[in-house]
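Before any comments, here is the structure.
The values are calculated or read from the model by the stated rules, or taken from the named source; none is laboratory data. Quick caveat: nothing in here was measured; it's all calculated off a predicted structure. Note that each Cβ is placed from the backbone with ideal geometry, even for glycine, and that neighbours are counted across all protein chains shown. Note: accessible area is taken over every heavy atom of the protein model, side chains too, but ligands, DNA and RNA are not part of it. Shrake-Rupley method; radii C 1.70, N 1.55, O 1.52, S 1.80 Å.
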Amino acid sequence: MAGAIIENMSTKKLCIVGGILLIFQVIAFLVGGLIAPSPTTAVPYMSVKCIDVRKNHHKTKWLMPWGPNHCEKLKDFDEAVSRQIEANDIVFAVHIPLPSKEMSPWFQFMLFIMQLDIAFKMDNDLKENAEITLDVSLAYRDDTFGDWEEIAHAMEIRKLKCTFGSPKTLESEGRHYDCDFLPFMEIGSVAHKYYLINIRLPVNERKGINVGIGEIKDIRLVGIHQNGGFTKVWFAMKTFLTPSILIIMIWYWRRITMMTRAPVLLEKVIFALGISMTFINIPVEWFSIGFDWTWMLLFGDIRQGIFYAMLLSFWIIFCGEHMMDQNERNRLSGYWKQVGPIAVGSFCLFIFDMCERGVQLKNPFYSIWTTEVGTELAMAFIIVAGICLCLYFLFLCFMVFQVFRNISGKQSSLPAMSKARRLHYEGLIFRFKFLMLITLACAAMTVIFFIVSQVTEGHWKWGDITIQVNSAFFTGIYGMWNLYVFALMFLYAPSHKNYGEDQSNGDLGVSSGEELQLTTTITHVDGPTELYKLARKEAQE
């Protein structure tokens, strides 16, 4: 009777903990779906063709597309031909944002892609594998009457990938090619109110610059930035979750240091996972509101990379430490085959990110995908990282298979055990299966919500209620992994109570060696974990 009562109480406590975590998970999704707006906004910009007839084009002069000091404009290139204006004297100007609007630091970043309107003409056809050279400049100012200050200037080359759906005859002249979007610019902060882009297409027939690129009619840009409302919700979540994970992490490590034994490997890895989660949570983005920190995108990628590397390492060690018949436990060196691919893959992705966003800190117009060498280098890093991920997945599946095989072997011998001993083993097996189920659920939800966010229109409308799917994905998945780390540290924290050998092992008829072998050095005589206290099945005769 006493054993049944204790078992029911333990199950009830575990259900309460799971229910509380589920409520917080639902809240995390609802915050993004109902409160936050869409994560990003795309704004189309049409460039204005300005005339710059100065002899020295390199002298600083910014051409405004509109406003009191706007440039002298061209309607089209036919007007330029009739006025004998050369291509080198034409500047495509784009003002960011649109008239009567301002940019804000809450937008966090700006990403621009370019689309060229190229018309077919018999005497100026687009050559195969043509490349366009862009002389681009970016400037800013914080009031409508101030001088423009240069941010960056670069000569960039982009490959044109265009198709023409009609026969190239005289009847088809004037029709436009269907061209792919081109990467144009990415900047990691929006610290100023107004930005100005001037684009030149320098022509040099002797050097073959901008020759055979067809008849360019217009240049269009699409600017993508983070919504200010979503940024505020995102910052609020980070500010709330940071102390939550930090407090449970301090509590968890304090429980470990209270033990007379040294921390075991799995406890150290869980603590390291908590540190990496806290590293992501710390809302340093608040400083980007007042400072022009263009490196925040790169810094965010590094933080995420550290967390995911720790998470993948934890899964390997978690399975390895639960292999009941494994002799080489509690040593990190025993997992070098499994952790090695994680380290190599993470390093490759870090180098790729440094080659892309690291260079963009100096030149926001740079893209590693615009040259053959850069493309091959980027693909090499990505392929190596993909191979490492596949190897990791194979190692993980093999280890999970081994663990369940060992568990099945123990379960087959459970009927021959005494009732108390059988209930004890069933509780330990339940703990592993419970955490494996939670892990698979978290991974599945991440993949499912990512797919849904890609294939839907971005929002669902139910009557008068609009749910932002993409925002719910970001806030929900972010909250889910925080809750996952929180649950790990809570359930695997050693108990502060001292369970004697007689109570923890003697009454169960289980020798100390058997218990240590099954519980993988987590449940010691110094004190069982919180999960063990919740899920353990005691029976008192």
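Give LEU440, LEU435, LEU483 a once-over and let me know the one that is under 27 Å from PHE24 (Cβ atoms), open to solvent by 60 Å² or more (accessible area, probe 1.4 Å) and modelled with pLDDT of 75 or more.
Exactly one residue qualifies, and that residue is LEU440.
So for the stretch 103-112 (the condition being open to solvent by 70 Å² or more (accessible area, probe 1.4 Å) and either within 25 Å of LEU361 (Cβ to Cβ) or touching a residue at least 40 places away in the same chain (Cβ under 8 Å) (or both)), does at least one residue qualify?
No: the stretch 103-112 contains no residue that is open to solvent by 70 Å² or more (accessible area, probe 1.4 Å) and either within 25 Å of LEU361 (Cβ to Cβ) or touching a residue at least 40 places away in the same chain (Cβ under 8 Å) (or both).
Exactly one condition in (1) open to solvent by 70 Å² or more (accessible area, probe 1.4 Å); (2) within 23 Å of GLU186 (Cβ to Cβ); (3) of a type in the set (Lys, Arg) is false for ARG303; which is it?
Going through the list (1) open to solvent by 70 Å² or more (accessible area, probe 1.4 Å); (2) within 23 Å of GLU186 (Cβ to Cβ); (3) of a type in the set (Lys, Arg), ARG303 breaks only (1).
Select, from LEU389, LEU377, LEU394, the only residue that is open to solvent by 40 Å² or more (accessible area, probe 1.4 Å), modelled with pLDDT under 85, under 26 Å from the mean Cα position of the chain (by Cα) and farther than 30 Å from TYR140 by Cα.
LEU389
Residue-wise test of (1) in a helix (DSSP H, G or I); (2) modelled with pLDDT under 90; (3) within 20 Å of GLN25 (Cβ to Cβ); (4) under 23 Å from the mean Cα position of the chain (by Cα).
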position	(1), (2), (3), (4)
SER244	yes, no, yes, yes
ILE250	yes, no, no, no
THR260	no, yes, no, no
GLU267	yes, yes, no, no
ILE275	yes, no, no, yes
TRP293	no, no, no, yes
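Given the conditions (1) over 21 Å from GLU356 (Cβ atoms); (2) open to solvent by less than 30 Å² (accessible area, probe 1.4 Å); (3) at pLDDT 90 or above, and given that TRP148 satisfies all but one, which numbered condition is not satisfied?
(2)
Consider only pairs whose beta carbons are under 7 Å apart and that are at least six residues apart or on different chains; among these, list those whose first residue lies in the stretch 262-288 and is within 23 Å of GLY334 (Cβ to Cβ) and in the same structural domain as THR242 (by the TED database) and whose second residue is hydroxyl-bearing (Ser, Thr, Tyr) and open to solvent by 10 Å² or more (accessible area, probe 1.4 Å).
These pairs meet every condition: VAL264/THR521; VAL269/SER313.
Filter the stretch 158-177 down to the residues that are in contact with a strand residue (DSSP E or B) (Cβ under 9 Å, 6 or more places away or on another chain) and surrounded by 12 or more Cβ atoms within 10 Å (Cβ to Cβ) and list them by number.
If the condition is that a residue be in contact with a strand residue (DSSP E or B) (Cβ under 9 Å, 6 or more places away or on another chain) and surrounded by 12 or more Cβ atoms within 10 Å (Cβ to Cβ), then ARG158, LYS159, LEU160, LYS161, CYS162, PHE164, GLU173, ARG175, HIS176, TYR177 are the ones that fit.
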